[in-house]
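Chemist: What follows is a single structure, and I will ask about it in a moment.
Just so it is clear, none of the values below were taken in a lab; they were calculated from the coordinates. The structure presented is a predicted model; accordingly, all values stated were derived computationally and were not measured. Neighbour counts are summed over all protein chains in view; Cβ atoms, including those assigned to glycine, are modelled from backbone coordinates with ideal geometry.
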Amino acid sequence: MNKPGQAVVELRGLKRSFQQGDVKIDVLRGIDLAVQPGEIVALLGPSGSGKSTLLQAVGLLEGGFGGEIVIAGQAAEKSDSAARTELRRNHLGFVYQFHHLLPDFNALENVVLPQLVANVDKADAERRAEDLLVALGLGARLEHRPSQLSGGEQQRVAVARGLANRPKLVLADEPTGNLDEHTSDKVLDQFLGLVRGEGSAALIATHNERLAAKMDRVLRLHEGLLA
């Protein structure tokens, strides 16, 4: 549980480099960042600027980072694999550019499954999934599989899945980048409304200035640093 005034996530001097042959590429060069409870932050930058790399660090999805990552008061970089998995499950939700829904499961089941992994009672998980999908305008599509849904509908299911376990922080990587402008606006507005209604914080990577302006704060990633 977060203490009063405690950031949901805090990065201190975060660094990440990659080696390509004899060339060392510094993608992140000392990132300092704090996201407060309930705050929605846009991470703005062009393709290749390191937005996804930063989200992977916050999401504890890979190693090789320097600096400190503190999630809900816990130092993730000092945690073992089991503890990092628990941090992800208990505090983080993920929404990607491509929905990555399980094709053999319907919309409701796709939102139920991550809750079952987190040991939520099945009946409670189904109620939670239905509530989220209805809030996103998918009440009539609960039993449809991904192949029977439009791109916008699929992404709304992915949003519901990302919020299913009531995360303190939602990490979204170009969550509407694969949609046309009209659908993108609609899905993002629903996403932001639901995140705010849930009281979650969010860190949302985008290259779109107009979409970033809908959020509480905009940070620009340039040459491995935030401005």
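Chemist: What translational D, rounded to a whole number of µm²/s, comes out for region 68-123 from Stokes-Einstein when the hydrodynamic radius is the Kirkwood one over Cα pairs, at 20 °C and 1.002 mPa s? Intermediate results must be reported in sequence, preceding the final value.
Modeler: Values: Rh = 13.3 Å.
The estimated diffusion coefficient comes to 161 µm²/s.
Chemist: Quick check: net charge around ARG210, other residues with Cβ under 13 Å of its Cβ, Lys/Arg +1 and Asp/Glu -1?
Modeler: Once all neighbours under 13 Å are counted, the net charge is -3.
Chemist: What's the ranking of 53-59, 66-72 by average number of surrounding C-beta atoms within 10 Å, highest first?
Modeler: The peptides rank, most packed first, as 53-59, 66-72.
Chemist: By its C-alpha gyration tensor, with a ≥ b ≥ c as the square roots of the eigenvalues, how is region 119-212 shaped: rounded for a/c under 1.5, else prolate for a/b larger than b/c, else oblate?
Modeler: oblate
Chemist: Over the alpha-carbon set of the chain, divide Rg by the Kirkwood Rh and report the Rg/Rh ratio to two decimals.
Modeler: Expressed as Rg/Rh, it is 0.97.
Chemist: May I pose another question? Using only the Cα atoms of region 70-184, each taken as one equal point scatterer with no solvent, compute I(q) by the Debye sum, divide by I(0), and report log10 of the ratio at q = 0.11, 0.13, 0.18 Å⁻¹.
Modeler: -0.37, -0.51, -0.90
Chemist: Starting at the first residue of region 44-52, write each ³J(HN,Hα) from the Karplus equation 6.51 cos²θ - 1.76 cosθ + 1.60 with θ = phi - 60°, in whole Hz, x for Gly and Pro.
Modeler: Listing the rounded values in order: 9, x, x, 4, x, 7, x, 4, 5 Hz.
Chemist: Helix 151-163 sits at what angle to the longest principal axis of the chain, using alpha carbons and giving 0 to 90 degrees rounded to 10?
Modeler: The angle comes out near 70 degrees.
Chemist: Oh, and also: What ³J(HN,Hα) values, in whole Hz, does the Karplus curve 6.51 cos²θ - 1.76 cosθ + 1.60 give for region 200-214 when θ = phi - 60°, with x put for Gly and Pro?
Modeler: For region 200-214, the Karplus curve yields 7, 9, 8, 10, 10, 7, 7, 10, 9, 4, 5, 5, 4, 5, 7 Hz.
Chemist: Specify whether the C-alpha gyration tensor of region 131-172 places it in the rounded, prolate or oblate class, a ≥ b ≥ c being the square roots of the eigenvalues: rounded for a/c under 1.5, otherwise prolate if a/b is larger than b/c and oblate if not. Let's see the in-between values first.
Modeler: Numbers: a/c = 2.56, a/b = 1.69, b/c = 1.52.
Cα axes put region 131-172 in the prolate bin.
Chemist: Would you compute the Debye intensity of region 31-134 from its alpha-carbon atoms alone, equal scatterers and no solvent, and pass along log10 I(q)/I(0) at q = 0.12, 0.19, 0.24 Å⁻¹ to two decimals?
Modeler: -0.54, -1.16, -1.34
Chemist: Rounded to the nearest 500, what is the chain's calculated 222 nm mean residue ellipticity when only DSSP H runs of at least 4 contribute -39500 (n - 2.57) each, over all residues?
Modeler: Helix-only estimate at 222 nm: -10500 deg cm²/dmol.
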